[in-house]
Structure formats: structure tokens, C-alpha cells
Amino acid sequence: MPLFSLFRNVVASSLIAGLLASCAPTVTSLRLEPVSGDVTRIDGRPVTKAEHNGIGVVASFEREDLEFVTLDVEIKNRTGQPIDVNPADFHFVALGARQDTLPDPLNSHLALSRAAADPAYEAGRIGLKRKQEEKRLKRAKIFNTVLMVAAVASDVSSSSRSRSYGEYVNNRIAHNIAYQGLAVKRVIDYKTFADRMERYDYEEYRWRELALKANTLAPGESIRGFVYLPKVANANYLAVSYSIPEQASVPLLFRQELVKERQPRTRR
């Protein structure tokens with residue numbers, strides 16, 4: 001494919017992507033509701049409490065958060081000895097409408113089960129994500145420069161040929177569209193970069209300030225924070241468990257629904 005044709009395709013794809021992104025009359029989100037344990041409503045929110053061998057867990061659904069669903073969790077140590085708390089010790093099995101296990105898409109012979117995110121590990125990845133995004137923007141700048149050179153070369157070459165007035169006008173229109181398209185692509189590249197870097201700032205704050213922290217709880221102490229479970233959009237239930245090896249396993253069952261909400265249109 002000629003370089004200038006490639007340029008026009010890239011520009012057209014960028015414009016179409018921007019148009020599609022602006023047309024979102026409805027959004028869908030996942031919501032969880034506890035259906036096991038001692039369920040009560042606190043400030044209008046259903047909250048479940050469960051306990052096993054002196055390890056108590058209080059949990060409620062907080063929100064969908066990027067690639068996770070978030071539980072607001074408090075862990076209480078009612079035993080006579082210290083316990084080690086780690087949010088990565090939360091696991092779940094994805095269930096269908098009849099509370100039957102769903103197969104893992106990576107291995108259909110296994111049930112679909114996942115562990116909660118480890119905040120320490122996730123926080124450590126933020127620096128790498130930022131570096132990768134900086135490299136992506138650098139590659140986009142180089143590619144934009146190549147496209148600009150191709151557009152200018154095409155403009156100079158076609159303008160130097162003898163043409164009728166109609167051909168001249170069509171040539172000017174085509175190249176003006178090309179220059180404008182390249183300007184749009186540059187704006188999209190920088191906006192994508194800014195959006196992703198802003199997201200990484202939020203992710204860093206999430207893992208360092210909001211997430212449940214690994215800690216040691218003395219008898220009678222408790223700790224609270226958010227636990228982030230990977231999203232499984234096709235699950236009807238999540239059978240969540242918090243386990244301390246050879247000591248306790250606290251089960252929590254949540255029903256999951258996909259909710260559609262109308263998105264207000266943005267004025268321009």
C-alpha cells in the first residue's frame with residue numbers, strides 16, 4: 001500500500017474512532033448484592049457478615065472500578081492469637097444462574113476461579129505502565145512525522161504538475177483534509193496519552209490509599225479497605241471466600257447483575 005494511502009487510512013480510522021467514542025447513549029455496569037450470611041442494610045446498602053473460627057468478615061459492594069468489581073471489606077480478629085491479613089487471600093468462583101460453576105475459558109475442565117488483586121504487586125507495576133505509555137507516544141510522534149513528510153512530498157509533487165483548475169481544486173481539498181486529519185490524529189494521540197497517565201495516577205492512589213493492606217491483626221483488632229476482584233461479566237453469582245490456611249475459610253455469596261443506565265449527552 002502506498003505510504004500516502006496508508007496515511008489516509010490511518011487518519012480515517014482515527015476520525016471514526018473519535019466519532020464512535022462520542023456516541024454512547026447508554027452505559028452498562030456490574031452490581032453485586034450479598035445473598036448469604038447475616039445480611040442487613042446500612043445507609044441503604046446491603047451488607048453481609050460472616051464468621052468462621054473467630055475470623056469475622058463484613059462486606060458490601062462498593063462499585064465497578066475499571067477492570068475490577070470492588071468490595072468494601074472489614075476483617076475482625078476474634079481469636080486469641082495474631083492473624084496475618086492479605087487481600088490476595090480473597091478468592092472467588094464464578095457461578096451461573098443455577099449457581100453452577102462456570103468453566104474457565106483458559107481450561108474448560110476447570111472451574112472459573114480468580115484471586116483478588118494484590119495491591120503491593122499492582123502498585124509496583126505502575127512505573128512500568130507509565131514507561132510503556134511514554135514509549136507509545138514517542139512511536140506515535142515518529143509515525144506522525146513520517147506521515148507529514150509523505151503528505152508534504154505528495155503535495156509538492158502534485159502541485160508541480162500542470163493540471164486543470166478543477167484538478168487543482170480537488171488536489172488542494174485532498175491535501176487540506178490530509179493536513180487537518182493529521183492534526184486530529186496528533187490531538188487524539190496526546191489525549192490518549194493524557195487519559196492513560198491520569199488513569200495510572202488514579203490506579204497508584206487506589207492501590208496505595210484505598211485497597212485493603214496486608215497486615216498483622218492482634219486479637220480484638222480489625223482492618224478495613226477495598227478488595228478488588230477481577231471482573232467476570234457473564235457470571236450470575238460470585239462465591240467469594242476469605243481463607244487463612246489451616247485456620248479459617250469465610251464464605252460470602254454475591255449475586256451479580258449487569259445494569260444498563262442512560263448516559264446524558266455531552267453538549268458541544
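The values are calculated or read from the model by the stated rules, or taken from the named source; none is laboratory data. None of these values were measured; they are calculated from a predicted model. Note: ideal-geometry Cβ built from the backbone for every residue, glycine included; neighbour counts use all protein chains shown. Protein only, heavy atoms only, side chains kept; ligands, DNA and RNA dropped before computing areas. Shrake-Rupley method; radii C 1.70, N 1.55, O 1.52, S 1.80 Å.
Structure summary
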{"quantity": "Filtered residues of the stretch 71-93 (kept if in a strand (DSSP E or B) and open to solvent by 30 Å² or more (accessible area, probe 1.4 Å))", "calculated": "Glu74, Lys76, Asp84, His91, Val93"}
{"quantity": "Breaking point among (1) closer than 30 Å to Asp189 by Cα; (2) touching an Asp or Glu at 6+ places or on another chain (Cβ under 6 Å); (3) open to solvent by 80 Å² or more (accessible area, probe 1.4 Å), for Ser29", "calculated": "(3)"}
{"quantity": "Verdict on Phe68 being surrounded by 15 or more Cβ atoms within 10 Å (Cβ to Cβ), among the hydrophobic types (A, V, I, L, M, F, W, C) and at pLDDT below 95", "calculated": "no"}
{"quantity": "Any chance Arg130 is part of a helix (DSSP H, G or I), at pLDDT 90 or above, open to solvent by less than 60 Å² (accessible area, probe 1.4 Å) and not hydrophobic (A, V, I, L, M, F, W, C)", "calculated": "yes"}
{"quantity": "Only one of Gln247, Gln256 that is at pLDDT below 90 and either open to solvent by less than 80 Å² (accessible area, probe 1.4 Å) or aliphatic (A, V, I, L, M) (or both)", "calculated": "Gln247"}
{"quantity": "For Val146: the one exception among (1) on the phi > 0 side of the Ramachandran plot; (2) over 28 Å from the mean Cα position of the chain (by Cα)", "calculated": "(1)"}
{"quantity": "Residue match in the stretch 94-114 (condition: acidic (Asp, Glu), open to solvent by less than 80 Å² (accessible area, probe 1.4 Å) and closer than 21 Å to Leu212 by Cβ)", "calculated": "no"}
{"quantity": "The listed residue being more than 22 Å from Glu204 (Cβ to Cβ) and within 20 Å of the chain's Cα centre (by Cα), out of Pro119, Pro105", "calculated": "Pro105"}
{"quantity": "Qualifying strands (runs of 3 or more DSSP E) (wholly inside the stretch 169-249; at least 3 residues being under 30 Å from Pro103 (Cβ atoms) and in the same structural domain as Leu95 (by the TED database))", "calculated": "222-230, 237-244"}
